[in-house]
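Chemist: The structure that follows is given in the form of structure tokens.
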Amino acid sequence: MQKAGLLISVLALGFVGAGCSTITEGPGPAVRVDDPRAPRATLAYNSVVFVDKSLSRTLKQYEIFGWTLGPGQVSKIAVEAQGARRTGTGTLEVFATFRNRSDFPLQLEGRVQFFDADKVPIEGPTVWQRVHLPPNGVGAYKEMSTRVDAAYYYTEVREGR
């Protein structure tokens with residue numbers, strides 16, 4: 001009887017041990033995306049990115065010298081300039097200039113995430129800040145980091161809500 005109990009215990013431990021080694025629960029290790037079909041799958045630092053698909057593409061038809069081209073993809077908004085500079089206190093000031101290519105007023109919202117020299121986030125994303133663009137006009141967005149060790153930035157833009 002004792003041998004049967006020992007055998008059952010060993011088998012039970014074997015099943016439990018085997019079950020634990022095959023169950024993967026919870027978050028796994030990070031996997032780097034390195035696929036030639038998706039060369040821009042990584043975060044594009046020091047850039048402006050449209051996170052609102054309706055803002056970045058509008059279908060239109062063009063007629064040039066009697067030829068109809070389209071429908072094609074043309075953005076309602078163009079990023080005319082973007083960049084960053086150090087302020088007098090050493091913080092990083094990020095800016096972006098947008099052109100409204102449409103015939104009606106638009107509102108954009110922008111926010112920035114700052115990173116240190118090792119590309120580690122050092123501040124949470126800033127609050128969404130509104131930019132008003134007149135028809136066929138230009139508007140600017142600016143934001144400053146609160147820390148002097150900010151080295152990189154990532155600016156997100158969406159249509160105003």
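Laboratory data are not the source of any read-out in this text; all were calculated from the coordinates shown. Keep in mind the model is a prediction, meaning the values are calculated, not measured. FYI the Cβ positions are ideal-geometry reconstructions off the backbone, even for glycines, and counts take in every protein chain you see.
Chemist: I'd like the FRET efficiency for R101 and R37, computed as 1/(1 + (r/R0)^6) with the beta carbon distance as r and R0 of 30 Å, rounded to 0.05.
Modeler: With a Förster radius of 30 Å, E is 0.45.
Chemist: Oh, and also: Could you tell me which trypsin sites (Lys or Arg not before Pro) in region 118-152 are loop residues by DSSP with no more than 16 other beta carbons within 10 angstrom of their beta carbon?
Modeler: Passing sites in region 118-152 are K119, R147.
Chemist: How many nm separate the modelled label positions at V120 and A81, each set 7 Å beyond the Cα in the direction of the Cβ?
Modeler: Each label point lies 7 Å from its Cα, and together they span 3.5 nm.
Chemist: Now for a different question. Once you place label points 7 Å from the Cα toward the Cβ at S54 and K142, how far apart are they in nm?
Modeler: So the two model labels end up 3.1 nm from each other.
Chemist: Here's a follow-up. Near the amide H of G160, under 5 Å away, which other amide H atoms are found, from residues 5 or more places off or on another chain, if H is placed in the peptide plane?
Modeler: Hits under the 5 Å cutoff: Q107, L108, E109.
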